[in-house]
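Worksheet for the structure shown next.
The values are calculated or read from the model by the stated rules, or taken from the named source; none is laboratory data. It should be emphasised that the depicted structure is a prediction, and the values quoted were computed from it without experimental measurement. Please note: Cβ atoms are built from the backbone with ideal geometry, for glycine as well, and neighbour counts cover all protein chains shown.
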Amino acid sequence: MKILAVCGSGLGSSFMLEMNIRDILKELGIEAEVEHSDLASATQDAADWFVMAKDIASSATHLKNVISLNSVIDKVELKGKLQEILVD
């Protein structure tokens, strides 16, 4: 499984989100490839799941399996959404 953290420029917030996703997946015992990217470079075949802030998720109509976050710094929200989707 591959997860792509996405932000507008593909730099700061997507990298931070990538690191948070890695931490949470490790805690949950889930193995996945995690990378980060800018929205313009994100293509549907780039990942199985795309994690991004709610404000840019509305512009990600070309992507499926989008996990939209109210806050990219809220690890509790991120963990809850990842568990919802990835844990049986």
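How about the chain: which strands (runs of 3 or more DSSP E) wholly inside it have at least 3 residues that are modelled with pLDDT of 95 or more, small (Gly, Ala, Ser) and surrounded by 12 or more Cβ atoms within 10 Å (Cβ to Cβ)? Reasoning before the result, please.
Numbers: elements: 2-7, 33-38, 49-53, 66-69.
Output list is empty.
Residues that are in contact with a Lys or Arg (Cβ under 6 Å, 6 or more places away or on another chain) and of a type in the set (Ser, Thr, Tyr) within segment 47-69 comprise just one, SER68.
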